[in-house]
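Novice: One structure, as structure tokens, below. Some questions next.
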Amino acid sequence: GDVVFVELPEIGKVFAAGDTAGVVESVKAASDIYSPVAGEVIEINEELSGSPELLNSEPYSAWIFKLKPSDANGDLAKLLDADGYKSVISE
């Protein structure tokens, strides 16, 4: 559904992989945003505070937050690229 609100994490906040890092609310539901890797939030997309609908209209450029990974080699190796993700969801 159309995104109407995004709760962004605080810069400097440290998350473990899988921790709830924020919330995306649409007209139909609210969904948690999970940290993909362990690390520290180093930047947030302030544009989303005033224009959360950018997640619908520009999903690839409307990033939510940036993390500095605490274990770049271990955690990043577990992430999927677009083709890997498509393969998993098609199973």
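Novice: Listed residues VAL27, VAL4; which is modelled with pLDDT of 95 or more and on the phi < 0 side of the Ramachandran plot? Show your work before the answer.
Specialist: On the way: VAL27 fails: modelled with pLDDT of 95 or more.
VAL4 is the lone residue from the list that is modelled with pLDDT of 95 or more and on the phi < 0 side of the Ramachandran plot.
Novice: Test each condition in (1) modelled with pLDDT of 90 or more; (2) aromatic (Phe, Trp, Tyr); (3) over 13 Å from VAL6 (Cα atoms) for TRP63 and report the one that comes out false.
Specialist: Only one criterion is unmet by TRP63, namely (3).
Novice: Still on this structure, please answer the following. Taking segment 43-52, which residues are buried (at least 16 other Cβ atoms within 10 Å of the Cβ) and in a loop (DSSP other than H, G, I, E, B)? Don't jump to the end; show me each part of the working.
Specialist: Just the residues of segment 43-52 that are buried (at least 16 other Cβ atoms within 10 Å of the Cβ), to begin with: 44-45, 48, 52.
Within segment 43-52, ASN45, PRO52 qualify.
Novice: Looking only at segment 78-91, how many residues end up being farther than 12 Å from PRO36 by Cβ and either in contact (Cβ under 8 Å) with a residue 60 or more places away in the chain or in a loop (DSSP other than H, G, I, E, B) (or both)? If you could, list the steps in order and put the result at the bottom.
Specialist: Step one: filter segment 78-91 for residues farther than 12 Å from PRO36 by Cβ, giving 81-84, 86-91.
Of the ones still in play, those that are also either in contact (Cβ under 8 Å) with a residue 60 or more places away in the chain or in a loop (DSSP other than H, G, I, E, B) (or both) are 81, 90-91.
Looking only at that region, the number is 3.
Novice: Looking only at residues that are touching a residue at least 24 places away in the same chain (Cβ under 8 Å) and surrounded by 14 or more Cβ atoms within 10 Å (Cβ to Cβ) in segment 55-77, which one is farthest from LEU8 (Cα to Cα)?
Specialist: Per the stated criteria, the residue is ASP75.
Novice: For segment 7-37, name all the residues that are part of a strand (DSSP E or B), touching a Gly at 6+ places or on another chain (Cβ under 7 Å) and over 17 Å from ASP71 (Cβ atoms).
Specialist: GLU7, SER26, ILE33
Novice: Quick check, is GLU40 part of a strand (DSSP E or B), in contact with a Lys or Arg (Cβ under 9 Å, 6 or more places away or on another chain) and not hydrophobic (A, V, I, L, M, F, W, C)? Steps first, answer last, please.
Specialist: Numbers: part of a strand (DSSP E or B): yes; in contact with a Lys or Arg (Cβ under 9 Å, 6 or more places away or on another chain): yes; not hydrophobic (A, V, I, L, M, F, W, C): yes.
Yes: the conditions hold for GLU40.
Novice: Among GLY39, GLY12, GLY18, which is more than 14 Å from the chain's Cα centre (by Cα) and either farther than 17 Å from PRO59 by Cβ or at pLDDT below 95 (or both)?
Specialist: Details: GLY39 fails: more than 14 Å from the chain's Cα centre (by Cα); GLY18 fails: more than 14 Å from the chain's Cα centre (by Cα).
Sole residue among the options that is more than 14 Å from the chain's Cα centre (by Cα) and either farther than 17 Å from PRO59 by Cβ or at pLDDT below 95 (or both): GLY12.
The values are calculated or read from the model by the stated rules, or taken from the named source; none is laboratory data. Since the model is a prediction, treat every value here as computed from it, not as a measurement. All Cβ positions, even for glycine, are placed from backbone atoms using ideal geometry, and neighbour counts span all protein chains on display.
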